Each structure stands twice: as C-alpha cells, then as structure tokens.
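See structure below.
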Amino acid sequence: TINLTTENLQLLNQDTKGLWETHEPAGKFFTVAEKGDRFEWVEGAAGQADELADWIEGKVDTHRNRGENGYKALEMLMAVYESARCHEKVTLPLKTRLNPLDLMIDSGQLTIERPGRYDIRAFLLRGESMQSDNAS
C-alpha cells in the first residue's frame, strides 16, 4: 500500500514488516504556502538546478535526476502496462523485455483509435474529427 502526499510517501508492504515506512524528499524545495499537511512547491526547475550545482561542487553525493532513478521510474511505468496486459500482479525487475504497449497493440488487446503516425501537435486540433478550428 502506498500513501502519497505532497509532503511524503508512506509505504506499507511485507518488506516493511507491516509497519508504515515514511520517505520524505531529500532535495531542496521552495515552500510558498503552508496548507495543513499540504504545501505548494514553486520554482522546481530552479531548485533542481541548485541541487545539480551542489552535486557538481561535491556538496552532495547524488542528484535526484541520476540515470538510475529514471530507469526505475520507467520500469515502474512498464510494470503498470505489463500488469494491464496480463491482468495480474507483476514483480520487479520485469521479466518481459519487450514494450508491453507494443505487445498489447500487436495482440489486439489495445486497439488503435487513430491509425497513422502520432503527431505531438495534436493538441492544436479540436474534437474527434481532429481538424483545425481554421479548417474550411
């Protein structure tokens, strides 16, 4: 079980022996408004750049954007897709080496609604017809 707030992450599983384990961010955050147990973070990019400078200068041992963290985040996303594909719980590290989304499309489990190449500019189009507001 995971309980995630803007302040921390609490984890409860067999590795924590049935006890809630709290993980709090170790980085630099800029707080602007305290709201009970929630607060707002602003200038996140500036905080990360400041943290990167600290890492380069040897003030901290690691940086949150190190490749290992990105790899783990991607593996968690792929695990969600793999779980949806197989309709069962999956464990990490994943045993499936192929992209679960590709496997779902190839098998017909996930149907393609708009065939063709994906265009990142699609947000400029409106409605199901995916036409420009200026189209005649």
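The values are calculated or read from the model by the stated rules, or taken from the named source; none is laboratory data. What you see is a predicted model; the values in this text were computed from it and never measured. Every residue, glycine as well, gets a Cβ built from its backbone with ideal geometry; the counts of neighbours run over all protein chains shown.
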Inset, instruction - Output the number of the condition that ASP133 fails; it satisfies all remaining conditions of (1) charged (D, E, K, R); (2) at pLDDT 90 or above; (3) in contact with a strand residue (DSSP E or B) (Cβ under 7 Å, 6 or more places away or on another chain). - result: (2)
Inset, instruction - Output the qualifying pairs, or none if there are none: Cβ atoms under 9 angstrom, residues six or more apart or on different chains, first residue in segment 4-23 and in contact (Cβ under 8 Å) with a residue 12 or more places away in the chain and surrounded by 12 or more Cβ atoms within 10 Å (Cβ to Cβ), second residue aromatic (Phe, Trp, Tyr) and part of a loop (DSSP other than H, G, I, E, B). - result: GLN10/TRP20; LEU11/TRP20
Inset, instruction - Kindly check whether there is at least one residue in segment 21-39 that is modelled with pLDDT of 60 or more and either over 21 Å from the mean Cα position of the chain (by Cα) or on the phi > 0 side of the Ramachandran plot (or both). - result: no
Legend entry - Subset of segment 70-101 (residues that are in contact (Cβ under 8 Å) with a residue 12 or more places away in the chain, part of a loop (DSSP other than H, G, I, E, B) and surrounded by 14 or more Cβ atoms within 10 Å (Cβ to Cβ)): LEU94, THR96
